[in-house]
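Have a look at the structure below before the remarks.
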Amino acid sequence: MSRLQLSFAGSSCDRFAALRDGSVQPEGIDLNVIDLPVEEIFYRQLTNHEFDLSEMSLSSYVLSLEQSDPGLVAIPVFPSRYFRHQTMFVNADSGIRRPEDLAGRRVGVPEYQITAGVWQRGMLQDEYGVDHRSLRYVTGGVEHAGRTEKISLDLPPDVDLTAAPQGRTLSDLLVAGEIDALLTAHVPEVFYSSEKVVRLFGDYKAVEQDYFRRTRVFPIMHVVALRRDVYERQPWIARSLMKAFEASLRRAHDALMYRSSLAVMLPWLADHVEETQAVMGERYWSYGLEPNRAVLETFLRYSRQQGLARRDWRPEQLFAPNAESATLI
């Protein structure tokens, strides 16, 4: 019996390594794994559905479900998770010393709808009382000018959103003091080259550990989304892929635990892993709906509150119904 040929576009992370090298293979499927930068993947998949399945922004995926003919359906695989306090930056001369000082300020965001921004605005509101509507948002590229929203938005009038001036990056504006802060998904190059750019949370690691201890939230950034037409022709692939992605995750986890040699170029990797597990538990990175229900509920609440999602989604409505988690790492 011939195996189904499927293309998968994902980042070059360790969670996909066993799928990439073929040591884990989905039952009945030959998976052609294509390594690409996530922003390219998101754009190509959202606009043209170029891959049979791909890594996908959680926020963009939720908004795609509200289109008249949703082209994607996800499985509860979460390859990217990230505490987002560490990627909030301010101009050192802005007078912003605490999160509460952001109220009323001009804040750069690459796109209003990106998952990192949804988490950051939600955390600022829940944890520090910063109403997301009090911020004046400026959108654009962090390193390259001209970035626009990948998904058309219909925001409420109380969201103050403007585009960066033509030819200007958010990094330029932050250094010049033309915006006061930047909420983004990565560390901008100007953080390393300009004394004008500092983190909002200097001791971000302690802040993020405290946040997790209190909330038990390890923010989900990405899911794995299938083309809906591919899934509907062969519904069995959701379960097969789910099992394979979980097996690949377990192998990545086991590689971090291996002590005869280092999985990555970090001399004190064992200490970092042990510290992480002491705070978050041994099985801190899981796939599947139920172990992540509370995290997903938090994100969906934020998306709705911030004028992005137009309906109150429940976590189980996001995923193919036959893609239940087979195991937990």
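Coordinate-derived values only; no laboratory data. All values reported here derive from a predicted model rather than from experimental measurement. Note that each Cβ is placed from the backbone with ideal geometry, even for glycine, and that neighbours are counted across all protein chains shown.
Between the amide H of Arg81 and those of Met221, distances stay under 5 Å, these residues lying 5 or more places away or on another chain, with hydrogens modeled in the peptide plane. For Thr139, the amide hydrogen comes within under 5 Å of the amide hydrogens of Val109, Thr162, Ala163, Ala164, counting only partners 5 or more places away or on other chains and with H modelled in the peptide plane. Scaling the Cα radius of gyration of segment 127-175 by the globular reference 2.2 N^0.38 Å produces a ratio of 1.29. Principal-axis analysis of the Cα atoms of the chain puts helix 237-257 at an angle of about 70° to the longest axis.
The residues Glu297, Glu100, Glu55, when put in order of fewest to most other Cβ atoms within 10 Å, stand as Glu100, Glu297, Glu55. Considering only Pro188, Pro157, Pro291, the mean-square fluctuation computed in a Gaussian network model of the chain, springs between alpha carbons under 10 angstrom, is largest for Pro157.
Dipole magnitude for segment 1-140: computed about the Cα centre from +1 point charges on Lys and Arg Cβ and -1 point charges on Asp and Glu Cβ, it is near 540 debye. Among Ala255, Ala164, Ala225, whose mean-square fluctuation peaks in a Gaussian network model of the chain (Cα, cutoff 10 Å)? Taking springs between Cα atoms under 10 Å, the residue moving most is Ala255. Among Leu266, Leu31, Leu296, the residue with the largest mean-square fluctuation in a Gaussian network model of the chain, with springs joining Cα atoms closer than 10 Å, is Leu266.
Axis of helix 293-305 versus longest Cα principal axis of the chain: the two differ by about 40°, to the nearest ten degrees.
Database remark: amide H of Ile34 closer than 5 angstrom to the amide H of Phe8, Ala9, Gly10 (H placed geometrically; neighbours at sequence offset of 5 or more, or on other chains; Pro and chain starts carry no H). Computed extension gain for Arg44 through Gln25, at 0.36 nm per residue and net of the alpha carbon distance, reaches 4.4 nm.
So what is log10(I(q)/I(0)) for segment 82-210 at q = 0.22 1/Å, when the Debye sum runs over its Cα atoms only? With one equal scatterer per Cα and no solvent, log10 I(q)/I(0) is -1.45. Take every pair of alpha-carbon atoms less than 8 Å apart whose residues are at least six positions apart; their mean separation over the length of the chain yields a relative contact order of 26 percent. In the chain, helical runs assigned H by DSSP with n ≥ 4 each contribute -39500 (n - 2.57); averaged across all residues and rounded to the nearest 500, the mean residue ellipticity at 222 nm is -10000 deg cm²/dmol. Computed from the Cβ-Cβ distance with R0 of 41 Å, the FRET efficiency linking Arg311 to Met257 stands at 0.50.
Note on segment 1-69 and segment 122-160: Cα centroid distance 27 Å, given to the nearest whole angstrom. Of Tyr287, Tyr82, Tyr128, the sequence from fewest to most neighbouring Cβ atoms within 10 angstrom is Tyr128, Tyr82, Tyr287. Our Cα-only numbers for segment 167-266 put the radius of gyration and Dmax at 20.6, 55 Å. Take the Cα of Arg304, step 7 Å toward its Cβ, do the same at Arg216, and the gap between the two points is 2.1 nm.
Expressed per residue, the C-alpha convex hull volume of segment 21-74 stands at 98 Å³. Dividing the mean sequence gap of close Cα pairs (under 8 Å, 6+ apart) by how many residues segment 192-317 holds gives a relative contact order of 21 percent.
Taking the longest Cα principal axis of the chain as reference, the axis of helix 269-280 is set at about 80 degrees. One equal scatterer on each Cα of the chain, no solvent, Debye formula: the resulting log10 I(q)/I(0) at q = 0.07, 0.14, 0.15 Å⁻¹ is -0.29, -1.18, -1.33.
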